[in-house]
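Engineer: Structure provided below as structure tokens; questions to follow.
What follows draws every value from the coordinates through simple rules; no lab data is involved. Since the model is a prediction, treat every value here as computed from it, not as a measurement. Virtual Cβ from ideal backbone geometry, glycine too; neighbours counted across all protein chains shown.
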Protein chains: 2
Amino acid sequence: MRLMNDQRIEAFMQRALIQARAANSIHEVPIGAVVVHDGRVIGTGHNLRELAEDATGHAEIYAIQEACAVLNSWRLEDCDLYVTVEPCLMCAGAILNSRIKNLYYGSPNPKGGVVDSLYQVLNDPRFNHQVNVTGGVLANESAAIMKAFFKAARKRKKLARRSGQVR
Amino acid sequence: MRLMNDQRIEAFMQRALIQARAANSIHEVPIGAVVVHDGRVIGTGHNLRELAEDATGHAEIYAIQEACAVLNSWRLEDCDLYVTVEPCLMCAGAILNSRIKNLYYGSPNPKGGVVDSLYQVLNDPRFNHQVNVTGGVLANESAAIMKAFFKAARKRKKLARRSGQVR
């Protein structure tokens, strides 16, 4: 096993942050993810729920699906996932189902995160797979993007209300 | 709210069982699902993980994605989901994320089910949505299909071993 140093981990998280910013630019909740295999990014994704009108349209799902397609395998046993925010239930389940080895995430999600916050599902020995979890990677950057997004969204809503576009 | 009688519930579960049998016919773990809106099936899916080489290729995910596309909305607030086996973590998360109203499932999944077996995530008040859950709908039919599938899979594996196709 090759040890990953902090610099390498942060470099891949920067790639996930690029995805988060892409989501932000189209007014989607700015969460980004990448799947890394053998030192290469083989899957990328960002939240696209609103534009795609798809409840499953989360960053991790797209990144995992792309990685499966690239490797032509549903098993991502030697892959790591980097995501800017702690995964939700659906995405944690997809991480388990795809046998991802290491998860690196940025900021915690106290209301919906199930990796450390509400549950610790990736380290439940009753499941047939466990994942090494490292949280807090470039957490400030990720949290700042989220905070700015929700501030801007509130402002857009307020302006729309004023102009009568929204009740 | 219209009350659903047992006969209606079983009729929609039969539609999910048709999906399960379709999966069985192509050697996929035989789990099927349908999403129902206003008395109509608007999303169907069956497990397709092996053929699609996609870790997210579960029955519920396909059914939810199709329903979202049909309604052009990621919110399936007035929809019910019928699935032949108790959902896994990923699919339970997708059910929460899509705001499905009622879940009906067939047989329990003691090793991976998170609706009643290992967790009860659909009734966790900490999440922003809860789901009415009814398990055990046509459970014998669903369990019989699963049992026959795994028996046949073991037989295929045994035969393949004998003929030297598999170590």
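Engineer: Enter the mean number of other protein chain beta carbons within 10 Å of the beta carbon of each residue in B:56-62, as an integer.
Structural biologist: What the average comes to for B:56-62 is 4.
Engineer: Rank the residues A:Ile18, B:Ile31 as a footprinting-exposure proxy: fewest other Cβ atoms within 10 Å of their Cβ go first.
Structural biologist: Arranged by neighbour count, lowest to highest, A:Ile18, B:Ile31 become A:Ile18, B:Ile31.
Engineer: Here is a follow-up. Under 29 Å Cα to Cα from A:Lys101, which lysines show up? Leave out anything in the same chain fewer than 8 places away.
Structural biologist: Result set, ordered by chain and number: A:Lys111, B:Lys111, B:Lys157.
Engineer: Using the Cα centre of the protein assembly as shown as the reference point, and only Cβ charges (+1 on K/R, -1 on D/E), how large is the resulting charge dipole? Debye, rounded to the nearest 20.
Structural biologist: Dipole about the Cα centre, nearest 20: 60 debye.
Engineer: One quarter of the convex hull surface, Cα atoms only: what value does that give for the stretch B:23-84 in nm²?
Structural biologist: That works out to 4.2 nm², a quarter of the Cα hull's surface.
Engineer: Same structure again: Run the numbers for A:Arg8 and A:Arg126: contour at 0.36 nm per residue of separation, minus the present Cα-Cα distance, in nm.
Structural biologist: 39.3 nm is the gain from fully extending A:Arg8 to A:Arg126.
Engineer: If I require 20 Å or longer along the helix axis, counting alpha carbons, and a Kyte-Doolittle average no lower than 1.0, what helices from chain A are left? Use full DSSP H segments.
Structural biologist: Helix filter hits for chain A: none.
Engineer: Okay, moving on. Take every DSSP beta bridge with both residues inside the protein assembly as shown and express the antiparallel ones as a percent of the total, to the nearest 5.
Structural biologist: Rounded to the nearest five, the antiparallel share is 60 percent.
Engineer: In debye, nearest 20: dipole of the stretch A:38-167 around its Cα centre with unit charges on the Cβ of K, R (+) and D, E (-)?
Structural biologist: Roughly 1180 debye, rounded to the nearest 20.
Engineer: Additional query: Return the long-range amide H neighbours of B:Ile42 (sequence gap of 5 or more, or a different chain), with a cut-off of under 5 Å between placed amide H atoms.
Structural biologist: It is B:Val35, B:Val36, B:His37, by chain and number.
Engineer: Right, another one. Considering amide H positions built from the backbone, and no H for Pro or chain starts, which residues 5 or more places from B:Gly32, or on another chain, come under 5 Å of its amide H?
Structural biologist: HN-HN under 5 Å from B:Gly32: B:Ala20, B:Thr84, B:Val85.
Engineer: With a cut-off of 19 Å, note down the residues of the stretch B:74-115 whose backbone N falls inside the zone around a label point 7 Å from the Cα of A:Glu50 toward its beta carbon.
Structural biologist: Taking a point 7 Å out along Cα→Cβ of A:Glu50, the residues of the stretch B:74-115 whose backbone N falls under 19 Å are B:74-77, B:97-99.
Engineer: Follow-up question, since we're still on this one. Please report the spacing between the Cα centers of the stretch B:101-167 and the stretch A:1-45 in Å, no decimals.
Structural biologist: Rounded to whole Å, the Cα centres lie 33 Å apart.
Engineer: In nm, one decimal, shortest first: how far is the label point of A:Leu51 (7 Å from Cα along Cα to beta carbon) from the matching points in the other copies?
Structural biologist: 3.1
Engineer: Find which of B:Phe12, B:Ala153, B:Thr134 sits farthest along the positive direction of the dipole of chain B, computed with +1 on the beta-carbon of Lys and Arg, -1 on that of Asp and Glu, about the Cα centre.
Structural biologist: Toward the positive end, the furthest listed residue is B:Ala153.
Engineer: Something else about it: Based on the Cβ-Cβ distance of B:His27 and A:Ala152, what FRET efficiency does E = 1/(1 + (r/R0)^6) give at R0 = 41 Å, to the nearest 0.05?
Structural biologist: My answer for the efficiency is 0.25.
Engineer: Further, regarding this structure: Under Stokes-Einstein, with the Kirkwood radius over Cα pairs standing in for Rh, what whole-number D in µm²/s applies to chain A at 25 °C and 0.890 mPa s?
Structural biologist: Rounded to a whole number, D works out at 152 µm²/s.
Engineer: What does the helix-only formula give at 222 nm for chain B: each DSSP H stretch with n ≥ 4 adding -39500 (n - 2.57), the total divided by the residues, and the result rounded to the nearest 500 deg cm²/dmol?
Structural biologist: It lands at -13500 deg cm²/dmol.
Engineer: Across peptide B:70-78, what mean number of C-beta atoms from other chains lies inside 10 Å of a residue's C-beta?
Structural biologist: Taking the mean over all residues of the peptide, I get 2.
Engineer: Another question about this same structure. Quick one: with label points 7 Å out along Cα→Cβ, list the inter-copy distances for B:Lys111 in nm, shortest first?
Structural biologist: For B:Lys111, the inter-copy label distances come out at 3.7 nm.
Engineer: Now, a different point. Shortest first and in nm with one decimal, please list how far the B:Gln7 label point sits from its counterparts in the other copies (point 7 Å along Cα→Cβ).
Structural biologist: 7.3
Engineer: Can you give the FRET efficiency for A:Arg75 and B:Asp78, using 1/(1 + (r/R0)^6), R0 = 35 Å, r = Cβ-Cβ distance, to the nearest 0.05?
Structural biologist: 0.40
Engineer: Hey, can you rank B:50-59, A:130-139, B:144-153 by average C-beta count inside 10 Å, highest first?
Structural biologist: Answer by packing, highest mean first, reads B:50-59, A:130-139, B:144-153.
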